[in-house]
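The values are calculated or read from the model by the stated rules, or taken from the named source; none is laboratory data. From a predicted model like this one, the values you see are computed outputs, not experimental measurements. Note: ideal-geometry Cβ built from the backbone for every residue, glycine included; neighbour counts use all protein chains shown. Keep in mind that these areas ignore ligands, DNA and RNA; they rest on the heavy atoms of the full protein, side chains included. Shrake-Rupley method; radii C 1.70, N 1.55, O 1.52, S 1.80 Å.
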Amino acid sequence: MNPIPIPEDRHFRPRLLGYDPQKSRPWLERLVYSAYVFVFWLIVIGTYAGVPALFEALGWNAGWGFVLMRALQVVLLFLLSAVIALLLILVLRKYLGKVQERYGPMHYGPAGGIQTVFDALKLLAKEDFVPAAADVLTFRLAPAVTFVASFAMFAVVPFASGWVLADTNVGLIYLIAVSTLSAYGVLLGGVSSGNKWALIGALRAGAQMVSYEIPLALVFLTVAVWAGSLSLGRIVDAQLGLWNVLPLALSFVLYVIASLAELKHIPFDFPEAESELIAGYNVEYSGMSFAFFFLAEFVELFLLPALIVVFFFGGWHGPLFGLEPGSLAAGALESLYFTVKTAVWVWIFLWIRATLPRYRDDQLMEFAWKAMIPLALFGLVLAAYLRLIWR
Amino acid sequence: MSLLQEVWQAVKAIGTGMATVHKRVYEDAPTEFYPYVKPDLPPVSVQSLALVENEDGSERCIVCLQCERACPAQVITIERHRNPEGKGFLIDRFDIDLVNCMYCAACVEACPVSSIVTIQDFEMSTYDLQTLKADIDFLHEQARRARQWYSPKFGVELRTEDGRIEKAPPEMQPGGLAELLKPAEEVDS
Amino acid sequence: MSTMSLEPVRGRTDEMIVNMGPQHPATHGVLRVVLGLEGERITRAVPHIGYLHRNHEKIEEARSYPQVIAYTDRMDYVSGTQNELPFVLAVEDMLGIEVPDRAKKIRTMFFELYRLASHLVWMGTAMLDLGAISPFLYTFWDREIILGIVEKTAGARMLPNYYTFGGVRRDVHPDFFKDTADFLDHMERRMVDYEHLVLESPVVHARTIGVGVLSKERAIARGVSGPVLRASGVAYDVRKAFPYDAYPDVEFEIPTSPDGDTYARFWVRFQEMYQSIRILRQLVELTPKTGPHKGKAPARIKPPAGERYRAVENSRGELGVLVVSDGTDKPYRVKHRGAAFSNLQIVPDLFVGAKFSDSIAILSSLDPVFGEIDR
Ligand code: SF4
Ligand code: SF4
């Protein structure tokens with residue numbers, strides 16, 4: 001009588017891999033999330049203390065051996081940036097979930113702890129599509145430019161005293177040069193996509209860059225004047241007694257605003273503005289190329305708060321409990337302080353992201369040119385004056 | 001001075017906004033863990049349709065075609081013939097196209113004997129829409145699986161463990177305050 | 001006519017024609033606007049509708065009167081029962097059906113609950129368009145509570161098919177009044193949060209004040225209604241001008257704003273939510289707990305030949321219906337006057353000259369629902 005049988009398995013049954021949120025195991029969840037942080041910390045220690053110690057023991061710390069050592073460190077840092085991206089995406093989704101009266105990822109791993117690993121695998125497995133209208137070479141190059149520019153910032157960021165790849169005495173200038181480059185990747189990617197939305201996004205990115213870069217550079221200058229050096233290590237050292245945030249409060253506020261703009265973070269996320277430009281400059285990207293834009297974004301989401309900590313919150317400084325400065329234990333502890341301070345700032349950025357809507361792009365430009373630049377100049381003069389009479 | 005005040009106002013407003021958002025961290029999310037925990041739907045909830053049989057397995061439907069006439073989407077198709085022995089009609093065909101049905105429950109309202117009823121089984125997702133073109137077996141099966149159903153004439157009915165059909169007690173009836181208060185008044189008088 | 005043309009103007013290289021929608025995330029469904037952009041500035045805007053057309057009015061001619069009610073629901077799908085009311089009122093008028101007082105009050109309560117639900121959806125999506133994600137999820141959870149209350153009584157959440165000629169289909173659930181009172185308490189607490197997140201936010205101020213100004217004369221000339229009209233300073237509200245159901249029995253005000261900009265439209269909707277809460281509070285007290293929920297209506301609805309126009313003030317403005325009867329049990333013609341449809345006419349006026357980002361804010365302040373616009 002019935003030509004079509006009533007389907008038996010109409011009812012959903014949880015799959016094996018699915019983690020039943022009803023049977024929550026808080027210790028396991030904490031374990032997974034701490035594992036990320038622990039791996040992060042371990043890679044930091046390995047990069048800055050382990051590898052040099054190894055090469056010293058092998059006697060290869062000169063000539064080509066030194067080059068090899070640096071190369072190994074860079075590979076480890078690439079690993080670190082992958083861990084940062086995995087962790088930050090997870091934390092972003094969990095935190096946004098928490099403040100938005102939902103849970104965020106729940107099913108893969110305890111409390112969604114390995115969700116981002118699967119997401120990354122999915123992105124890798126997807127087709128890397130190039131639209132017919134795109135300029136292929138530029139289109140392919142753009143994510144690399146963005147990622148390399150963000151990644152290159154790692155070179156001068158000190159995780160603890162002496163734990164830095166290149167403590168050059170032009171660290172700040174290098175930072176300005178490199179951080180500007182990442183906007184070029186966005187610009188190239190948007191223009192070469194052959195999509196009008198991407199083009200608008202790219203042009204917005206360009207307009208945004210010329211507005212925030214100048215106050216940002218002026219704040220860098222202020223910090224340099226106050227510390228008397230362009231090297232990031234010295235800047236941190238100079239804050240031993242007093243964190244810069246107090247004397248340079250004005251510059252600090254400007255720096256936070258400018259780095260929000262540099263991150264293309266709400267309230268200044270004009271180049272991608274999902275609800276206006278759909279996804280802006282990366283609308284045509286998929287698969288691996290998109291993953292690199294994403295990776296770059298989250299590496300910057302770690303590095304810019306890290307720079308706030310370096311410039312204004314005493315970098316790695318914190319009580320050492322009698323550990324001998326320069327030893328491995330002291331370095332590990334210092335890098336922990338640095339990480340915790342950075343984590344607080346990352347959290348504040350995420351918090352802003354959860355709260356605020358988006359400004360209009362010309363409002364940022366107006367604000368940057370008419371308010372931030374004069375204020376940054378004023379801050380610079382103030383810092384120079386204070387430094388003259390105080391130190 | 002007013003500029004400074006404006007800036008202060010803006011900073012304060014952003015701060016209040018951020019505090020408002022952050023408040024949620026300390027509250028539990030109201031999310032339902034759906035596939036693990038089935039939601040508790042009110043008995044009147046129209047999720048699907050079913051055709052109830054009597055306890056002895058005979059047809060409740062008297063094939064009066066009221067539901068077919070009432071249906072706004074015109075998805076009910078009934079064919080009948082006269083019962084050779086005895087009164088009334090017998091069903092030849094009773095199809096409801098649950099794909100195009102708009103779950104307005106007009107058919108349930110029209111039915112004089114509460115044969116066609118609404119049930120709370122909402123898990124109808126399928127890979128093949130053809131499986132939702134319900135014929136009479138499908139509708140009977142839906143009713144047999146259901147533990148309770150609703151129709152405006154009889155209110156909520158329950159299927160007990162041993163297969164009997166009972167009218168639900170008044171506190172389970174959603175028929176409105178009037179119906180709820182009636183037994184209480186009777187007790188008083 | 002150059003503003004209506006989609007062709008690129010010959011010899012103009014500074015203008016870029018972009019196609020916003022119908023799959024654009026901020027067009028609230030399936031609006032398509034063809035924009036001429038000069039940098040970020042909009043030079044031309046041509047809206048295209050009809051991607052959700054389902055031929056409602058023609059289908060309704062082929063259905064009997066009670067069946068039409070189920071179809072009217074499907075127009076403005078975020079404000080549920082509000083769509084049923086004008087049709088029900090018009091047919092009641094033609095037949096001279098008496099509606100019991102209690103049924104009127106229950107109808108009004110559902111009407112105002114759905115107004116709250118609709119404005120909550122508007123708030124969430126408008127903030128999403130402006131770039132804030134959190135309010136969207138908060139408002140949808142509050143709307144969930146309203147839909148839960150409705151489902152307990154009417155059996156469905158968004159398209160309840162609840163009103164009928166002479167009253168409502170079924171008496172309210174015993175918990176209805178208590179649930180509603182509890183929800184109003186909850187809502188009053190949440191409104192404080194929404195004020196912080198939406199009305200007081202400096203970013204919202206920057207994005208909306210002075211953006212998309214609609215003058216009073218223009219608003220009247222274009223036939224807009226509802227919050228959009230009241231934000232331009234015209235205190236026209238069908239609930240006051242042509243009262244229906246229980247509105248004469250309750251006290252409320254019509255919030256208006258003289259500014260006519262996007263912020264004013266935000267503000268007016270906010271104040272309307274407060275007024276809805278106020279109306280509901282009064283009705284929870286006023287409505288008799290027991291009594292008839294439905295008046296006497298003939299078994300077969302056959303209005304005498306003639307026609308009748310009735311309008312109600314739904315969440316988006318004046319929602320009217322013209323029913324023409326030829327004496328049979330099916331309407332000869334049903335013409336809906338959609339509020340969102342009329343409000344959408346001002347899109348080209350407001351878009352041209354605005355920034356591209358502004359266009360998103362303006363569109364969300366009009367709160368279009370495409371089920372009703374395309375019908
Ligand atoms: S619920 Fe409505 S549409 Fe579905 S079969 Fe019944 S009357 Fe027809
Ligand atoms: S209205 Fe009820 S009794 Fe009549 S045909 Fe339909 S299901 Fe059967």
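Mind checking how much accessible area A and C bury in total, 1.4 Å probe, in Å² rounded to 100? Summing both sides, the interface buries roughly 2500 Å². In segment A:130-390, a dipole from Cβ-located charges (positive for Lys and Arg, negative for Asp and Glu) runs towards its positive end, and of A:Phe312, A:Ser182, A:Asn169 it is A:Phe312 whose Cα lies farthest in that direction.
The charge dipole of segment A:130-390, taken about its Cα centre with unit charges on the Cβ atoms of Lys, Arg (+1), Asp and Glu (-1) only, comes to about 260 debye.
Please list the three semi-axes, largest first and in whole Å, of the ellipsoid equivalent to segment C:151-230, using sqrt of 5 times the eigenvalues of its alpha carbon gyration tensor. Walk me through the numbers on the way to the answer.
Working: eigenvalues 254, 108, 18 Å².
Listed largest to smallest, the semi-axes of segment C:151-230 are 36, 23, 9 Å.
Placing +1 on each Lys and Arg Cβ and -1 on each Asp and Glu Cβ, with no other charges, gives the protein assembly as shown a dipole about its Cα centre of roughly 1000 debye. Taking one quarter of the surface of the C-alpha convex hull of chain A gives a mean projected area of 25.7 nm². If I take every Cα pair under 8 Å that is 6 or more residues apart in chain B, average their sequence separation and divide by the length, what percent do I get for the relative contact order? So the answer I get is 21 percent. Between C:Leu283, C:Leu52, C:Leu35, the residue with the greatest mean-square fluctuation in the GNM of chain C (Cα pairs under 10 Å linked by springs) is C:Leu52. Listed by chain and number, the lysines placed with their C-alpha closer than 21 angstrom to that of B:Lys38 are A:Lys23, C:Lys152; residues fewer than eight positions away on the same chain are left out.
Can you bin chain C into rounded, prolate or oblate? Criterion: square roots of the alpha carbon gyration tensor eigenvalues sorted a ≥ b ≥ c, rounded for a/c under 1.5, prolate for a/b above b/c, oblate for the rest. The partial results should precede the final answer.
On the way: a/c = 2.14, a/b = 1.41, b/c = 1.51.
Cα axes put chain C in the oblate bin.
Convex hull volume per residue, computed on the Cα atoms of segment A:84-170, equals 187 Å³. For segment A:130-390, the solvent-accessible area with a 1.4 angstrom probe is 35 square angstrom per residue. Taking 40 Å² as the minimum loss, tell me which residues in segment A:98-121 lose that much accessible area going from the chain by itself to the full protein complex (1.4 Å probe). With the partner chains in place, segment A:98-121 has these residues losing at least 40 Å²: A:Lys98, A:Val99, A:Gln100, A:Glu101, A:Tyr103.
What separates the Cα centres of segment A:33-71 and segment C:280-297 is a distance of 77 Å. Rounded to the nearest 10 square angstrom, C:Lys240 shows an accessible area of 100 square angstrom against a 1.4 Å probe. The spread of Cα positions in segment B:48-172, taken along each principal axis and listed from longest to shortest, comes to 43, 36, 23 Å. The distance separating the Cα centre of segment B:90-107 from that of segment C:96-157 comes to 29 Å. Per residue, the solvent-accessible area of chain B (1.4 Å probe, heavy atoms of protein chains only, all protein chains present) comes to 55 Å².
Which percent of the accessible heavy-atom area of chain C goes to carbon and sulfur, probe 1.4 angstrom?
After summing per-atom areas, the C and S share lands at 55 percent.
From the alpha carbon centroid of segment C:25-70 to that of segment A:81-142 is 34 Å. Surface calculation, 1.4 Å probe, protein heavy atoms: B:Asp56 sits at approximately 120 Å² accessible. Annotation: A:Tyr385 carries an accessible surface of approximately 130 Å², with a 1.4 Å probe and no ligand, DNA or RNA atoms counted.
At a threshold of 30 Å², the residues of segment B:79-128 that become less accessible to a 1.4 Å probe in the full protein assembly than in their chain on its own are B:Met102, B:Cys104, B:Glu109, B:Glu123.
So how do C:Lys302, C:Lys105, C:Lys335, C:Lys178 rank on accessible area, 1.4 Å probe, biggest first, that is with the largest at the start?
Numbers: C:Lys302 105, C:Lys105 15, C:Lys335 85, C:Lys178 130 Å².
My answer, sorted largest first, is C:Lys178, C:Lys302, C:Lys335, C:Lys105.
Using a probe radius of 1.4 angstrom, the carbon and sulfur fraction of the accessible surface of chain A is 73%.
In the frame of its principal axes, the protein assembly as shown has Cα extents of 108, 68, 63 Å, reported largest first. Ordered by 1.4 Å accessible area with all protein chains kept, B:Ile136, C:Ile360 run largest first as B:Ile136, C:Ile360.
Could you provide, to the nearest whole Å², the per residue accessible area of chain C with probe 1.4 Å?
Details: 12510 Å² over 375 residues.
So chain C comes to 33 Å² accessible per residue, rounded to a whole number.
Going by accessible surface with a 1.4 Å probe and the largest first, A:Leu68, A:Leu295, A:Leu375 read A:Leu68, A:Leu375, A:Leu295. Pairing chain B with chain C buries about 2700 Å² of accessible area. This figure sums both sides and uses a 1.4 Å probe. Here the Debye sum runs over all C-alpha atoms of segment B:1-59 as equal scatterers in vacuum, and log10 of I(q)/I(0) at q = 0.16 Å⁻¹ comes out as -0.80. For segment C:25-71, a decrease in accessible area of 20 Å² or greater in the assembled protein chains relative to the isolated chain, with a 1.4 Å probe, applies to C:Pro25, C:Glu40, C:Arg63, C:Gln67, C:Ala70, C:Tyr71. Positive-end ranking of A:Ile348, A:Tyr385, A:Ala279 along the dipole of chain A, with charges on Cβ about the Cα centre, is headed by A:Ile348. Counting only other chain Cβ atoms within 10 Å of each residue's Cβ, the peptide A:357-368 averages 5.
Summed for both chains, how many Å² of accessible area, to the nearest 100, are buried between B and A with a 1.4 Å probe?
Values: alone 12950 and 19400 Å², together 29600 Å².
For B against A, buried area totals roughly 2700 Å².
Dipole of the protein assembly as shown computed with +1 at Lys/Arg Cβ and -1 at Asp/Glu Cβ about the Cα centre; of A:Met288, C:Met109, C:Ser257, farthest Cα towards the positive end is C:Ser257. With q set to 0.15, 0.24, 0.28 Å⁻¹, the log10 of I(q)/I(0) for segment C:294-365, from the Debye formula over equal scatterers at the Cα positions, is -0.67, -1.05, -1.14. Give me the percent of accessible area attributable to carbon and sulfur for chain B, probe 1.4 angstrom. Looking at chain B in its full context, I get 54 percent from C and S.
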